[in-house]
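Step one of this worksheet: look at the structure below.
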Amino acid sequence: MGLTSIAEVAWNSLLLVLSWPNILYPVVGTLIAMCVAVLPGVSGATLLALAIPITFGWEPLPIMLLFGALVGGATYMGSVTAILLNIPGTAPNGATVLDGYPLARQGKALTALGCSATASALGSAVGVVVVLLSIPFVAQLILHVGPPEMLVLSIWGLFSVATVIRAKPLRGLATAGLGLMCSFVGLDPATADARYTLGTLYLQDGLALIPVFVGVFAVAEVIDLMASGRRSIADEVGLGGSLLDGARAVFQHWGLFLKSSTIGTVVGLVPGVGGTVAAFVAYGEASRSAGSEGCFGQGDIRGVLAPEAANDAKDAGSLLPALALGVPASAGTALLLAALQTHGIRPGAELMTDGLELVFVLIWSLFLSNLLTSLLGLSFAGPLARLTTVPVRRLAAPILVLAAVGAFSYRGRMGDLWLAFGFGFAGFLMKRYGWPRIPFIIALILGPLFEVNLNLSLSLHRVGRIDLLTHPSILFGVVLLVATVAFPAWQKQRRRRS
Amino acid sequence: MRRSFAVALLLASLYFLVHTMGLDSPARRVPSLVIVPLVLLLAVEAVRELRCKEPPSAGARAGARSALLWTMALPLLISLSGMIAGPALYVLAYLRLRAREQLWLSAVVAAMLALSLAGLFRWVFVVSASRGSLLSLL
């Protein structure tokens with residue numbers, strides 16, 4: 001199928017989505033998703049799980065419209081709580097917390113919300129365009145991504161740790177090492193040996209990301225707020241900044257925006273990786289490319305822009321492996337596949353040719369939902385930002401309860417609740433005594449990806465399937481790593497000379 | 001506390017080291033790349049912390065202790081009285097005792113929270129609410 005006919009199908013599906021009464025599904029779905037996804041731990045996947053039984057008797061078209069809206073609506077709201085309350089709604093929003101909340105503490109919650117909404121909407125648009133252009137060769141592309149490519153991606157992401165620990169390099173490396181060791185907790189992926197589980201069954205599944213994020217950021221922050229005696233989150237500075245400044249930041253850093261959106265879409269295309277890796281790799285790349293000019297981790301607007309653009313751009317990309325190959329890229333797309341198969345829609349070549357209109361309906365619904373959430377987010381940003389001026393003595397208990405509910409509702413285990421509060425205590429001590437938390441989180445996320453793909457790559461090398469020393473992806477990865485280190489150094493040197 | 005935390009991190013890394021040495025060869029391949037430099041780094045940091053003088057901060061320590069106690073009370077209450085009654089009791093106690101709000105206001109907020117949580121666990125969350133160890137006995 002040529003690009004012209006694909007564009008034609010895409011246009012027709014857009015008209016179908018915008019027609020009456022079809023437009024009601026994405027609008028209502030987005031509103032429902034926005035209201036419910038304010039609760040931490042409620043992701044697009046949770047909403048899809050709830051919606052599947054309701055949609056049993058529906059036609060495929062409204063199902064695609066509703067499901068796209070539910071995923072899109074849930075993605076944005078997680079970043080609102082991340083920026084305002086330091087509670088990442090879903091795991092990918094963990095990257096938004098790193099600079100979004102410091103901005104809120106500086107009284108720039110409106111700027112951060114404006115930037116997040118604009119980057120989300122435009123990132124989603126970039127994702128749709130990249131997907132549209134890659135449909136003719138997507139199946140081939142996905143099949144070429146293997147362990148060596150994933151290994152390069154994980155090393156590239158881990159490399160970003162170096163750029164966020166400049167102030168305290170030894171402690172930064174130590175917390176990154178602790179993050180890696182914590183990521184190895186659970187059953188070994190190759191041998192199923194129990195590692196660092198303290199003899200418990202609970203830890204055999206590994207450390208769940210949502211409770212750890214909720215603990216390290218939200219719980220730790222509440223303890224710090226209560227202990228420090230601050231009156232409110234934006235205590236010293238009051239409420240400043242503007243939505244326009246935030247939206248303008250996306251256009252000022254358009255290069256970074258395009259790079260982050262592309263990272264998000266490409267990572268989204270890779271099955272089994274997901275938005276968390278996309279957001280953190282984009283954050284790391286933003287921090288690295290900023291060099292010494294950035295103040296990442298202390299309230300740099302680029303630290304909000306990059307993960308938000310990547311997280312929303314990945315949504316469109318993650319649909320393709322699911323729909324083209326039947327390989328889900330995330331929990332959300334796995335549920336989507338299950339729902340489609342219940343209705344007799346089978347993923348594969350047939351869906352990508354004869355059923356392409358349905359695929360585009362899903363993508364447009366997702367895009368429309370992202371656009372709508374951003375517009376609504378911008379409209380409600382003012383009242384929402386006022387949360388940062390509410391006295392801590394009134395806000396602390398609700399935030400803690402929200403954090404507890406978020407940690408528990410993720411899997412329904414009391415262990416997750418204790419894990420969140422345990423990591424909250426550790427996170428508070430790390431913050432108070434100057435142990436950086438960002439390297440810990442980045443290493444915790446990328447550790448499993450690194451380990452699994454290193455083992456697989458070494459096994460493939462051992463049996464002669466690939467040669468690691470001459471494999472094009474590894475060579476490309478080495479060139480990429482050298483370039484990402486050398487280029488900022490070269491730029492710095494040139495600037496100093498001039 | 002500053003020193004104790006640095007030493008606690010070192011002890012945690014030593015646990016990881018001892019456990020890594022006891023693992024079979026394939027399972028310890030990647031962890032052993034990380035753990036040895038980690039122990040060294042944390043040892044350097046712990047020694048550095050032990051050498052420098054800890055500034056006296058009795059007031060800040062008392063504030064932190066109180067904040068920690070209030071924070072850890074929540075999971076404890078939830079473990080005892082469940083995911084609906086626990087947060088409600090916590091909010092009632094917190095608003096009345098720490099935030100010094102009026103009793104009727106604290107009670108109304110706690111009751112509304114309990115109702116909202118009951119609704120959320122009934123219709124929104126895919127997991128059921130824990131009843132807590134005390135309520136399970138009844």
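Neighbouring Cβ atoms within 10 Å as the yardstick, rank A:Ser134, B:Ser81, A:Ser365, A:Ser116 fewest first. Walk me through the numbers on the way to the answer.
Numbers: A:Ser134 17, B:Ser81 21, A:Ser365 29, A:Ser116 34.
Ascending Cβ contact count within 10 Å gives the list A:Ser134, B:Ser81, A:Ser365, A:Ser116.
Taking a straight Cα-Cα cut-off under 17 Å and skipping sequence neighbours fewer than 8 places away in the same chain, the lysines within cross-link reach of A:Lys168 are A:Lys431. Apply the a/c threshold of 1.5 to the C-alpha gyration tensor of the stretch B:2-51 and tell me whether it is rounded, prolate or oblate. Because a/c hits 1.5 or more and a/b exceeds b/c, the stretch B:2-51 counts as prolate. Electrostatic bookkeeping for A:Asp188 treats Lys and Arg as +1 and Asp and Glu as -1; over the other residues with beta carbon under 15 Å from its beta carbon, the sum is -1.
Backbone phi angles across the stretch A:452-457, fed through the Karplus curve with coefficients 6.51, -1.76 and 1.60 (θ = phi - 60°), yield HN-Hα couplings of 4, 6, 5, 4, 5, 5 Hz in residue order; Gly and Pro are listed as x. So which DSSP H runs in chain B come out at 27 Å plus along the axis (Cα) with average Kyte-Doolittle of at least -1.0? Helices passing the filter in chain B: B:2-21, B:25-51, B:58-93.
Test of understanding: ordering B:Ser130, A:Ser124, B:Ser4, B:Ser13 by Cβ neighbours within 10 Å, fewest first, what list do you get? Please report the intermediate quantities before stating the final value.
Working: B:Ser130 21, A:Ser124 32, B:Ser4 12, B:Ser13 24.
Fewest-to-most ranking of B:Ser130, A:Ser124, B:Ser4, B:Ser13: B:Ser4, B:Ser130, B:Ser13, A:Ser124.
For the peptide A:187-195, the mean number of other protein chain Cβ atoms found within 10 angstrom of a residue's Cβ is 4.
Find out how many positive minus negative residues lie around B:Ala99, taking Lys and Arg as positive, Asp and Glu as negative, among other residues whose Cβ is under 10 Å from that of B:Ala99. Present the calculation step by step, with values, prior to reporting the outcome.
On the way: positive: A:Arg393, A:Arg394, B:Arg96, B:Arg98, B:Arg100; negative: B:Glu101.
Neighbour charge sum, excluding B:Ala99 itself: +4.
Tell me what chain A gives for mean residue ellipticity at 222 nm when only DSSP H runs of n ≥ 4 count, each as -39,500 (n - 2.57), the sum divided by the residue total, rounded to 500 deg cm²/dmol. Taken over chain A, the calculation gives -23500 deg cm²/dmol.
Which aspartates and glutamates have a Cα less than 19 Å from the Cα of B:Lys53, not counting those fewer than 8 places away in the same chain? The qualifying aspartates and glutamates are B:Glu45.
I need the shape label for the protein assembly as shown. Rule: rounded when a/c is under 1.5, else prolate if a/b > b/c, else oblate, with a, b, c from the alpha carbon gyration tensor. Don't skip to the end; give the middle numbers.
Values: a/c = 1.44, a/b = 1.14, b/c = 1.27.
Taking the square roots of the gyration eigenvalues as a ≥ b ≥ c, the protein assembly as shown is rounded.
Note on the stretch A:354-498: Cα-only Rg and Dmax are 23.9, 63 Å.
Under a 5 Å amide H cut-off, with hydrogens placed 1.01 Å from N, A:Leu187 pairs with A:Arg195, A:Gly206 among residues at least 5 apart or on other chains. Put in order of Cβ neighbour count within 10 Å, fewest first, the listed residues B:Lys53, A:Lys259, A:Lys168 become B:Lys53, A:Lys168, A:Lys259.
What average number of partner chain Cβ atoms lie no more than 10 Å from the Cβ of the residues making up B:63-70? Display every interim value, and only then the final one.
Working: counts 4, 8, 1, 2, 10, 7, 0, 7.
For this peptide, the per-residue mean of nearby foreign Cβ atoms is 5.
Taking the Cα centre of the protein assembly as shown as origin and charging only Cβ (+1 Lys, Arg; -1 Asp, Glu), how large is the dipole, in debye to the nearest 20? Provide the component values of the computation, followed by the final result.
Numbers: 43 positive and 29 negative charges, 511 e Å.
In total the dipole reaches around 2460 debye.
What does the charge count around A:Lys108 come to, taking other residues whose C-beta lies under 12 Å from its C-beta (Lys +1, Arg +1, Asp -1, Glu -1)? Counting the neighbours of A:Lys108, the net charge comes to -2.
Do any trypsin sites (Lys or Arg not before Pro) in the stretch A:420-473 lie in a DSSP loop with no more than 12 other beta carbon atoms within 10 Å, and if so, which? Spell out each step's value before the answer.
Details: sites: A:Lys431, A:Arg432, A:Arg437, A:Arg462, A:Arg465; in loops: A:Arg437, A:Arg465.
Those satisfying the criteria are A:Arg465.
Averaged over peptide A:408-418, the number of partner chain Cβ atoms lying within 10 Å of each residue's Cβ comes to 5.
Values in this text are rule-based calculations from the coordinates and carry no lab data. Every value quoted in this text rests on a predicted model; they were computed, and no experiment measured them. So basically every Cβ, Gly included, is an ideal-geometry build from the backbone, and we count neighbours across all protein chains shown.
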